[in-house]
Amino acid sequence: MPQLLVRNVSDHTVEALKRRAAANQRSVEAEHRALLEETLEAERMKKVEAFRARIDALHETLKGRVFTPSEVLVREMRDES
């Protein structure tokens, strides 16, 4: 499994990480891993929510429109040939 090495972390940040790890009953390494995963998951969820909002907006603009099923359109195109 890949590893990360983080350099030049302030003493304040390291101490805060140790306190947080202790509060969550985890090792500092496990807490660091959890922070990375939580942060990246939150970022991914923001993107998913933005995408869902775009889909909802598109659905709203298409509301009430009637669409011909694709198989009907294909059949019509074949019949024209």
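The values are calculated or read from the model by the stated rules, or taken from the named source; none is laboratory data. Here the structure is a predicted model, which is why all the values come from computation and not from measurement. As a convention, Cβ positions derive from the backbone with ideal geometry for all residues, glycine included, and neighbour counts pool all protein chains shown. Surface accessibility is based on the protein's heavy atoms, side chains included, excluding ligands, DNA and RNA. Shrake-Rupley method; radii C 1.70, N 1.55, O 1.52, S 1.80 Å.
Residues checked against (1) in a helix (DSSP H, G or I); (2) modelled with pLDDT of 95 or more; (3) over 30 Å from Q3 (Cβ atoms); (4) in contact with a helix residue (DSSP H, G or I) (Cβ under 8 Å, 6 or more places away or on another chain):
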residue	(1), (2), (3), (4)
A42	yes, yes, no, no
K47	yes, yes, no, no
A50	yes, yes, yes, no
I55	yes, yes, yes, no
V66	no, no, yes, no
D79	yes, no, yes, no
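Please enumerate the residues belonging to the range 28-81 that are open to solvent by 100 Å² or more (accessible area, probe 1.4 Å) and under 30 Å from K18 (Cβ atoms).
Hits for the range 28-81 are E29, R33, E37, L40, R44, K46.
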